[in-house]
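Q: Structure provided below as structure tokens; questions to follow.
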Amino acid sequence: METRLGDIHQTLQDFIALQTTMRTDDENMACLRALYVVNPQDDMARIEGNKDKLLYDAYEWILRTAKYAAFRTWADSDLPSCRLLWIKGHAGTGKTMLLIGIIRELSKQLAAFAPSLSYFFCQGTGTKKLSSATAALRSLIWMLLVQQPHLISHLQNAYKQSGMALFNDGNEFYALKRVFENMLKDPGLSAVYLVIDALDECDRTKPGLGELIQLIFASLALSQKVKWLLSSRPEVDVLVKLKDLDIDNSAISQSLVELDAQSLADPVKAYIKHKLTALKSRRGYNDDVLADISDRISQRAMNIFLWVALVFRELDSVEGWDAVETIEKIPAGLSELYSHMMTRIEGGNERNQQRCKKVLVAALLAFRPLLLAELAVLANLSLDTTEAAIEMCGSFLTITGKTVNLIHQSAKDYLDENYTSKLQPAGVSQGHTDIGRRSIDAMSSVLKQNMYSLDFGFKPEDMTPPDPDPLAPIRYSCVFWADHLCFLNDEHPKSLKELTDDGKVFTFLKDRFLRWLESLSLLGRLSDGVQSIRKLLHVAQPDASPRLIRFLKDAEKYILGYGSIIERSPLQIYGSALVFSPITSDVRNQQWKERLSFIEMTAGIKDRWGAHRQTLEGHSSWVNAVAFSPDGKTLASASSDTTVRLWDATTGAHRQTFEGHSDCVNAIAFSPDGKTLASASGDTTVRLWDATTGAHRQTLEGHSDWVNAIAFSPDGKTLASASGDTTVRLWDAATGAHRQTFEGHSSWVNAVAFSPDGKTLSSASYDTTVRLWDATTGAHRQTLEGHSSWVNAVAFSPDGKILASASSDKIIRLRDTATGAYRQTLKGHSNDIKAIAFSPDGKTLASASNDETVRLWDAATGAYRQALEGHSNSINVVTFSPDGKTLASASDDETVRLWDTATGAYRQTFEGHSHYINAVAFSPDGKMLASASCDTTIQLWDAATGAYRQTLEGHSDWVNAIAFSPDGKTLASASGDMTVRLWDAATGAYRQTLEGHSYYVNAVAFSPDGKTLASASNDETVRLWDAATGAHRQTLQGHSDYVNAVAFSPDGKTLASASSDKTVRLWDAATGAHRQTLEGHNSSFNAVAFSPDGKTLASASHDKTVRLWDAATGAHRQMLEAQSTLARLSFSENASESRNQPVVFSSSATIGSQETGKAFFGFLPNIGQHVWQFMVIHSS
């Protein structure tokens, strides 16, 4: 005890000060440094400096109360004791100074006998770190550990598991709450006073004030060695909170100290007396005047310390003989006083009035306290003018050192409530926009290349800014400019004009983007740059800002792609990052002039951003598994270095490391609720971890060999594990209890997966088989054979209908889960396939192989889509993010890579389609042309000029056909995603989706009256829909193969359908009855069309012929031969009409000697993609 406490006569205040300077071991010191937010002792000294001197007479009254005496008494005394003292008072009643006085008194006790003392001052006018519940908890723990260092083991355990992520992963409040509660339960805990001032200024955002109050009262139940001293305004009713928490408040309600007229009368008089002493030596302040001043202030003060302080501040520039008159002009009450000061500001000359209001707006709306130079930038004033304006706003602002603060929370509240009437009629949104504009102007003026005169290598770890620091005036602007432009602006469209293609934002980014990134790198705030880009993307409007949005998307890829090198070596922004960006990158093209002087030209650079987004580095051995958390925000990786790492799935930042396994970690899985992370290891165990804090919960033991795979059941109640001991084990995910063991495989079990309904469990083994089990009873259902080597992975499709298995035989097999029947085989990898995963929508299957590639496949057809290359060793696992947009892969090259699952390439839609065009259609008035493409989009064009109008996006597969309704108001599109979509043809707005087909939809057609829509599909059917409501009317069945085309007769009574079964079928359009079948072609039909008079039907086939039929009788009339396959047919009334259509034709094809029609290859203006070959048939 003596060693710990030192001199027995040492006060607690001196002891705390000594402890903060003492050296501890390196691990504990690192832990305390990471925990540190602010030293409350220093913070209290600063607060005292900003206010008047602490007067003993202003707080000694509370020391004489019975409630304070009970608070000072501990349970081992015969005197009554209270464990919570709550001081409640209105704004300006001296709560903070009263608490400082009590803290001073408690600190005077001898350290050898005194309880510890830990405190925190919430400050709503400061930075968020001084007003959050998390900051309060961190500071209380930090100060408690300084005095009771033996408790640090509780923090150290959590810190070892999580590292810095314990303090900054977004869940730190809950993690530290657990640490704090463990400290309070420690038998070695000595008695402690815990103090929080100004609960009303604590942020309400969860975890916020509510969670902090819950913790306070939970701690009282955990330990008898804890007492709390709290202060707040009346609106934070602690007793009501107690009722909400179902806590007995009968004893605590006796501990309430209200700062009312009775308790404050004498302290306020003492404060007035103190302030008068400073006036005695000034001219005109004789005894009579001082007495008069004392009386008048006492009468009007309403016992509000702050009102008294502000009045005396007014007297600083007033001679004694004018003092009483000045006081008389000042109204009683804080709000009234602030209004009086605003009136005085408004009564000055117009220029001073505007200067003051600019300064007040900037100070009020800033996201942290501003340095004087920063405030000058945001107010667009010189330094001298800014200082003068602050003096004129003396009742609202105060300067401490070089930092400008609002004088009190009540001043902030007043300005917030009266913003439009007193500061800016246009409102807060306009104020934020003004700050954003001025920030951009200042950055444009100040930023230059190599601000700190660094060399081209890494910036020094001990780098200090030059003096004077060129970034000092714009530090705030560099970090927060986008926050201001985006704040509330999505609710105020008029404020978005700076976010158009002609606005300040695009101009600034085009000219200064790289210099802005350099400033963020120098400030250590590059991650804020990513967030700024994303906020701008969120509020920018596509119709007004297409070029800005394109640039922002490119900028995001630029930062994410090169952020790690930019953070360490700022000048590489202009070097390697710029040089190795794709040649089509907007950033590269706009900023190429900024390249380092010795760079002249480059070659061999990729054309576009690839699918690869980021590489996550940190593991020291093979990475065996990756998994996304259910919310998609966290990525977990498992490695042969025996650790699990958690990463920010967006930025790639490392959050924390889980340590505990003694051998390779082979697999990981998040529980469906995201709260638990399970890991499987070569040490034969499964470990369960708290996914938020990283705390180890329990170890599941039972396997006798490596555990290779794990999976949670969909309800999260069961955990399955697969092992080299040839068994699968089921565990209770909540308790860790072993439920049952599945036996049957004859070699290692490599993978397990639950079906989406949780009823079936599949397992894959080195014995080359896949086994299906009843997940409830453990009964073996069937064994699936077919692979010729080890089966390394299994996966169910999201709908549970398909089971995919991947093997070292380089093959993926797809099977029907109900019958086990084999569907298809996917081939393409050149080495063992280690992992497979379905996308969340079930449309894509990803596979990972020892051939160092990831392949994407169409899950419905088995068609190969693309290969993702970049890893330099075997790839062990792939997984999709919950939204399906990102694919993560883990490799033996010790990295995790993130990929864009769409295309990986940036597409400029206004330049044209990026894939084959499958269909075009003119609007009925001939003014608009629509094109449908394999790039999944429809584009609308001006048919006369070829000018691009807009892109319609929504389909997730090829758009195969399009059709305008007869009135031209609706556009229908048919897609390989098995849907038909209806769009507003004028605005491009999406209306509805027609679902029902079970395979690709190949064609759509409106009936002549526009009331019916027909669709044709590879599912061998034609469906009829109500074109107005989208309701399904009937399905026409009869074809035995894909239906490729449909057409209504001009009178709308007949529907023709053309199929790969080599027939055309005619149907009654009203009843759906089959009328007749037309046969004659010897290959698939591609197109069908009625003549304008409805008497002739034309059909085109893969046999390179067009046949004409009598539409009434079905009789074959004639055959036209072409040199190549025709995809579309159309009739025209005469030859000239076809030439007048605004399509550019070339490469005419001869059709025998027939004069009946000509075939053309068509190209759409400004698109530049091959469309198709089609025929125009003259009906003369």
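The values are calculated or read from the model by the stated rules, or taken from the named source; none is laboratory data. This structure is a prediction, so every number in the text was calculated from the model and none was measured. Glycine gets a Cβ as well: all are built from the backbone with ideal geometry, and neighbour counts include every protein chain shown.
Q: Before we move on, is residue 972 more than 30 Å from residue 1079 (Cα to Cα), under 39 Å from the mean Cα position of the chain (by Cα) and either free of Cβ contacts under 8 Å to residues at least 60 places away in the same chain or assigned by TED's automatic domain parsing to the domain that holds residue 1062 (or both)?
A: Taking the combined requirement at face value, the residue does not satisfy it.
Q: Could you tell me whether residue 687 is touching a residue at least 12 places away in the same chain (Cβ under 8 Å), basic (Lys, Arg), in contact with a His (Cβ under 9 Å, 6 or more places away or on another chain) and under 26 Å from residue 749 (Cα atoms)?
A: Yes: the conditions hold for residue 687.
Q: Any chance the range 173-183 includes a residue that's free of Cβ contacts under 8 Å to residues at least 60 places away in the same chain, of a type in the set (D, E, K, R) and either within 22 Å of residue 644 (Cβ to Cβ) or part of a loop (DSSP other than H, G, I, E, B) (or both)?
A: No, every residue in the range 173-183 fails to be free of Cβ contacts under 8 Å to residues at least 60 places away in the same chain, of a type in the set (D, E, K, R) and either within 22 Å of residue 644 (Cβ to Cβ) or part of a loop (DSSP other than H, G, I, E, B) (or both).
Q: Here is a further query. For the range 442-468, give me the residue count where each residue is of a type in the set (D, E, K, R) and free of Cβ contacts under 8 Å to residues at least 24 places away in the same chain.
A: Matching residues across the range 442-468 total 3.
Q: Report yes if some residue within the range 474-481 is touching a strand residue (DSSP E or B) at 6+ places or on another chain (Cβ under 7 Å), hydroxyl-bearing (Ser, Thr, Tyr) and closer than 25 Å to residue 555 by Cα; otherwise report no.
A: Checked the range 474-481: at least one residue is touching a strand residue (DSSP E or B) at 6+ places or on another chain (Cβ under 7 Å), hydroxyl-bearing (Ser, Thr, Tyr) and closer than 25 Å to residue 555 by Cα.
The rows are residues; the columns are (1) over 17 Å from residue 966 (Cβ atoms); (2) surrounded by fewer than 19 Cβ atoms within 10 Å (Cβ to Cβ); (3) of a type outside the set (Lys, Arg).
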residue	(1), (2), (3)
1011	no, yes, no
1026	no, yes, yes
1031	yes, yes, yes
1047	no, no, yes
1065	yes, no, no
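Q: Has the range 1083-1097 got any residue that is modelled with pLDDT of 90 or more, β-branched (Val, Ile, Thr), buried (at least 22 other Cβ atoms within 10 Å of the Cβ) and assigned by TED's automatic domain parsing to the domain that holds residue 1015?
A: no
Q: Just checking, how many residues over the range 290-317 are farther than 26 Å from residue 233 by Cα and surrounded by fewer than 18 Cβ atoms within 10 Å (Cβ to Cβ)?
A: 8
Q: Only one residue in 703, 780, 745 is closer than 26 Å to residue 825 by Cβ, in contact with a Gly (Cβ under 9 Å, 6 or more places away or on another chain) and at pLDDT 90 or above. Which one?
A: On inspection, the qualifying residue turns out to be 780.
Q: Hey, can you tell me all the residues within the range 978-997 that are assigned to a loop (DSSP other than H, G, I, E, B) and over 17 Å from residue 951 (Cβ atoms)?
A: 978, 996, 997
Q: If I filter the range 368-410 down to residues being part of a helix (DSSP H, G or I) and β-branched (Val, Ile, Thr), which single residue comes out as farthest from residue 339 (Cα to Cα)?
A: 377
Q: Which condition number in (1) surrounded by 18 or more Cβ atoms within 10 Å (Cβ to Cβ); (2) in contact (Cβ under 8 Å) with a residue 24 or more places away in the chain is the one that residue 541 fails?
A: Only one criterion is unmet by residue 541, namely (1).
Q: Let me ask something else about it. Taking the residues in the range 553-567 that are at pLDDT 85 or above and either surrounded by 18 or more Cβ atoms within 10 Å (Cβ to Cβ) or among the acidic types (Asp, Glu) (or both) as candidates, determine which candidate is farthest from residue 524 (Cα to Cα).
A: Residue satisfying both the conditions and the ranking: 554.
Q: What helices (runs of 4 or more DSSP H) completely inside the range 1-92 contain at least 2 residues that are hydroxyl-bearing (Ser, Thr, Tyr) and at pLDDT below 80?
A: Here the list reads 12-21.
Q: Quick one: in the range 372-423, of everything that is in contact with a strand residue (DSSP E or B) (Cβ under 9 Å, 6 or more places away or on another chain) and among the hydroxyl-bearing types (Ser, Thr, Tyr), which residue is nearest to residue 346 (Cα to Cα)?
A: Only one residue tops the list, namely 386.
Q: Additional query: Against the condition touching a helix residue (DSSP H, G or I) at 6+ places or on another chain (Cβ under 9 Å), at pLDDT 90 or above and crowded, with 21+ Cβ neighbours inside 10 Å, how does residue 385 come out, does it pass?
A: no
Q: Looking at 800, 786, 828 in this structure, which one is touching a residue at least 40 places away in the same chain (Cβ under 8 Å) and surrounded by fewer than 22 Cβ atoms within 10 Å (Cβ to Cβ)?
A: Among 800, 786, 828, only 800 is touching a residue at least 40 places away in the same chain (Cβ under 8 Å) and surrounded by fewer than 22 Cβ atoms within 10 Å (Cβ to Cβ).
Q: Can you run down the residue pairs with Cβ atoms below 8 Å, 6 or more apart or on separate chains, where the first is in the range 272-288 and under 18 Å from residue 309 (Cα atoms) and modelled with pLDDT under 90 and the partner is in a loop (DSSP other than H, G, I, E, B) and basic (Lys, Arg)?
A: Once the first residue is under 18 Å from residue 309 (Cα atoms) and modelled with pLDDT under 90 and sits in the range 272-288, its partners that are in a loop (DSSP other than H, G, I, E, B) and basic (Lys, Arg) give 274/53.
Q: Quick check: is even one residue across the range 853-864 more than 21 Å from residue 629 (Cβ to Cβ), charged (D, E, K, R) and surrounded by 20 or more Cβ atoms within 10 Å (Cβ to Cβ)?
A: Yes: one or more hits.
Q: Can you find a residue in the range 515-525 that is within 22 Å of the chain's Cα centre (by Cα) and either surrounded by fewer than 17 Cβ atoms within 10 Å (Cβ to Cβ) or assigned to a loop (DSSP other than H, G, I, E, B) (or both)?
A: Yes, the conditions are met somewhere in the range 515-525.
Q: Keeping to the range 249-263, report how many residues are over 18 Å from residue 66 (Cβ atoms) and either modelled with pLDDT of 80 or more or touching a Leu at 6+ places or on another chain (Cβ under 8 Å) (or both).
A: Residues that pass the stated criteria total 1.
Q: Please indicate, with yes or no, whether at least one residue in the range 290-299 is part of a helix (DSSP H, G or I), at pLDDT 90 or above and touching a Cys at 6+ places or on another chain (Cβ under 7 Å).
A: no
Q: Which count do you get for residues in the range 842-889 that are outside any strand (DSSP E or B) and under 28 Å from the mean Cα position of the chain (by Cα)?
A: Matching residues across the range 842-889 total 9.
Q: Within the range 441-479, how many residues turn out to be in a helix (DSSP H, G or I) and either touching a Ser or Thr at 6+ places or on another chain (Cβ under 7 Å) or charged (D, E, K, R) (or both)?
A: Here the count works out to 6.
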